[in-house]
Amino acid sequence: MRTIRALVTVALAVGVVFVDPVAARADDPHVMPVDPATYDDLTAIGPAFGIAADPDDPTSTAGCGAAASDPVPDGVPIVVRIGTAAPFTVGQVSAATWKNPPVADPSWRLDFQGLMWMKSLARRAAQDDQQQSLAALVAQAVQFHRADPDPGTNASGWDEGTALRRLESENCLYALTHADELAPGMAADAAVLLGKRYYGPPNYPVHNHGLMANLQLVRAGDLLGRADWKATAVRRMTAEAPLAFSKMGLSYEQASGYQGVNANLWGQAATVLAASPGTAAAAATLQKAVDAAWNAFAWETEPDGKIVQIGDSEESPGRAGNSTARTLRDDQTGTVIGRWSWTDRVTSYYTVRYGPPRRAHGQEDRAGGVTWSTLGTRVLVGPGKYNYDRTSAWNTWQIGPASHNVAIPTGGAVKSGKTARLSAATVQASAHAWTIVDDIYNTPHSRNVNVNRDAHRMVVTDLFSRVSSWQQHWHLDPSWTLESGKAGGTKLTFRNPAGYLLTVTTTGRVSGVVRGKTSPIGGWHFPAFGVRVPAADVVIRSYGKGKTTTTFVVTRGIGFHTF
């Protein structure tokens, strides 16, 4: 009996789907594991967009991503299991299952109905010259369209996000097989992306989904000789490119996790435009914007080499940078980033959020939400990204203000359309101070953030001038554990495994410290999609009249050691 125990992940543009291969006896149908996809697999769709081909592997030009680690042998049923759902056999999926999959999770459905699971299997079958298995995958893609034709709405896997992933998978299959029977299905998916469901102007803001759709239309147009598809995609990219990033290079999607994705995708768009007649100037302008976007991504990289978690993001690898500037201020997206070194891993680093209403992959951190790292350790962090299921209480908490380092008036709720702005700034050699004002809760609020490099200190002062009580929420990195302090007090101390001591003092009063609570949800951190780790959630209530000031100081405590 052969048992596969490893848990592997498939990276998608909307997150990570956990795929758990199950045991299979020698006389059982082969249950296919799906190998992890790399970051390049997430956005790369072929050498036509600047992706280098492997001269020893003709399948490398197909845009299929990584090949499956296990073979896909001819003559053996292809059985796939995604997550905890029942396995399904290629060629035996019913119309009812395609239209109404057995799993409600939107990421799982995207993988299943978008045929994303096919790509790694198809590439492996092609590498091993398993033509029967490859033909079975093609037949399954064709059968999907017969069983679940486009209803003209977003139902049954016909939203733009699923259609663009399905076209990507079909592009992979067609590049490997040149099977003409794929063309009608590809045309059906292209029709979604060319019609009113397209996620981009004029019906929607510029978004990575629209760009991915256009790149897939270019690819499909080249494969099938549909010059009209390609022309429409090129025209869209030319028009939308100036709207993708702020002047400072930050994406308007309000998430550090999507900054690199957008920079990568728009870099591919620049390559397409450079090779298209009449768009060389637009390509050159876009490339400058892409260079600025990668620079902004470097600013969003913490001293530990991973990105800061702003919006829907994970603790993923960042990008090295270099600048004589110590701050990046972007009023278009509402972002301040401060750092005192690009090479010193123990330098102080922080972010402050303000700006326009939440959109795309943003979260409710705009009322001066902060993150902060110093002495080589993360202190105040954003929640990260747990899932995309809007019906999930975890998603509600992830997006809402209570999971961020912000102040909330008692009984307050975010009001639609409200904004926050930066009203004052002082940047000195060793200290930076910023003042944010807003009416996000439909009442005036001001927050001053002061970060001192040499004292390894952050001081935050909040004032709601027209309400009598409010709460500050502070979310510590999971490495910090409470050492002393209690509810009703004004001082807390925490320690981390490296021996650092964090002292929190306040003019307010400690309401409590929650860690790993599920009802109601509180005290969690999401370092990766679908992963939750208990972490200290400190709530401080205002006390008396006037401002509430909370101070964080990190020192080398007794027993400190370096690694």
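Have a look at the DSSP beta bridges in the chain and tell me what percent are antiparallel, nearest 5.
95 percent
What is the P(r) of the chain, as percent of Cα-Cα pairs per 10 Å bin from 0?
Bin by bin from 0 Å, the calculated values are 3, 17, 26, 23, 17, 10, 3, 0.
Under the Karplus relation 6.51 cos²θ - 1.76 cosθ + 1.60, θ = phi - 60°, what is the ordered set of whole-Hz ³J(HN,Hα) values for segment 460-477, x standing for Gly and Pro?
3J(HN,Hα) across segment 460-477, in whole Hz: 10, 10, 10, 8, 10, 6, 10, 10, 8, 8, 7, 10, 9, 10, 10, 10, 8, 4.
Using a 7 Å offset from the Cα along the Cα-to-Cβ direction at both THR391 and ALA96, what is the distance between the two label points in nm, to one decimal?
About 1.9 nm, to one decimal.
Would you calculate the volume per residue, in Å³, of the smallest convex hull containing every Cα atom of segment 307-412?
Here the figure is 115 Å³ per residue.
For segment 452-528, report the % of Cα-Cα distances exceeding 19 Å.
47 percent
Which order do the peptides 438-448, 209-219, 353-363, 88-98 take when ranked by the mean count of other beta-carbon atoms within 10 Å per residue, highest first?
Details: 438-448: 19.5, 209-219: 26.5, 353-363: 21.1, 88-98: 15.2.
Descending mean neighbour count gives 209-219, 353-363, 438-448, 88-98.
Any idea what diffusion coefficient segment 462-506 gets from Stokes-Einstein, in µm²/s, Kirkwood Rh on alpha carbon pairs, 4 °C, 1.567 mPa s?
105 µm²/s
Below 8 Å, C-alpha to C-alpha, sequence gap of six or more: please give me the relative contact order for the chain in percent. List each step's numbers first, then the result.
On the way: 1263 pairs, mean separation 44.5, N = 563.
Contact order relative to length: 8 percent.
Which value, in Å², gives the accessible area per residue of segment 402-547 when a 1.4 Å probe is used on the protein heavy atoms?
Working: 6190 Å² over 146 residues.
For segment 402-547, the solvent-accessible area averages 42 Å² per residue.
Ignoring solvent entirely, what values of log10 I(q)/I(0) come out of the Debye formula for segment 68-143 at 0.11, 0.14 Å⁻¹ when each Cα is a single scatterer?
Taken in order of the listed q values, log10 I(q)/I(0) reads -0.27, -0.43.
Calculate what fraction, in whole %, of the accessible area of the chain sits on carbon and sulfur atoms when a 1.4 Å probe is rolled over the protein chains.
Answer for the chain: carbon and sulfur cover 53 percent of the accessible area.
How large is Rg/Rh for segment 404-540, to two decimals, with Cα atoms and a Kirkwood Rh?
A ratio of 0.98.
In cubic angstrom, how much convex hull volume per residue do the alpha carbon atoms of segment 213-370 span?
Spelled out: Cα convex hull of segment 213-370, divided by residues, is 113 Å³.
Quick one: accessible area per residue over segment 247-346, 1.4 Å probe, rounded to a whole number of Å²?
With all protein chains present, segment 247-346 gives 38 Å² per residue.
Could you run the Karplus curve 6.51 cos²θ - 1.76 cosθ + 1.60 with θ = phi - 60° over segment 482-491 and give me ³J(HN,Hα) per residue in whole Hz, x for Gly and Pro?
5, 9, 8, x, 7, 4, x, x, 10, 9
In square nanometres and to one decimal, what's the mean projected area of the convex hull around the Cα atoms of segment 377-445?
6.8 nm²
With θ set to phi - 60°, apply the Karplus curve 6.51 cos²θ - 1.76 cosθ + 1.60 along segment 165-182 and write out the HN-Hα couplings as whole Hz, x wherever there is a Gly or Pro.
3J(HN,Hα) across segment 165-182, in whole Hz: 5, 5, 5, 4, 5, 5, 4, 4, 4, 5, 4, 7, 10, 6, 6, 4, 5, 6.
May I ask for the percentage of alpha-carbon pairs in segment 124-185 that lie more than 13 Å from each other?
It works out to 63 percent of all Cα pairs.
Would you mind computing, in nm to one decimal, how far apart the modelled labels at ASP454 and ASP222 are, each placed 7 Å from Cα along Cα→Cβ?
5.7 nm
Rounded to the nearest 500, what is the 222 nm mean residue ellipticity of the chain from helices alone, with -39500 (n - 2.57) per DSSP H run of 4+ residues and division by all residues? Don't jump to the answer; show the numbers that get you there.
On the way: 12 runs with 149 residues, N = 563.
Mean residue ellipticity at 222 nm (helix-derived): -8500 deg cm²/dmol.
Rounded to whole Å and ordered largest first, report the semi-axes of the equivalent ellipsoid of segment 75-218 derived from its Cα gyration tensor (root of 5λ).
Taking √(5λ) for each eigenvalue gives 25, 18, 13 Å, largest first.
The values are calculated or read from the model by the stated rules, or taken from the named source; none is laboratory data. Predicted model only: the values in this text are computed from it and were never measured. Counting neighbours? That spans all protein chains shown, and the Cβs are built from the backbone with ideal geometry, glycine included. Side chains included, ligands, DNA and RNA excluded: accessible areas come from the protein's heavy atoms. Shrake-Rupley method; radii C 1.70, N 1.55, O 1.52, S 1.80 Å.
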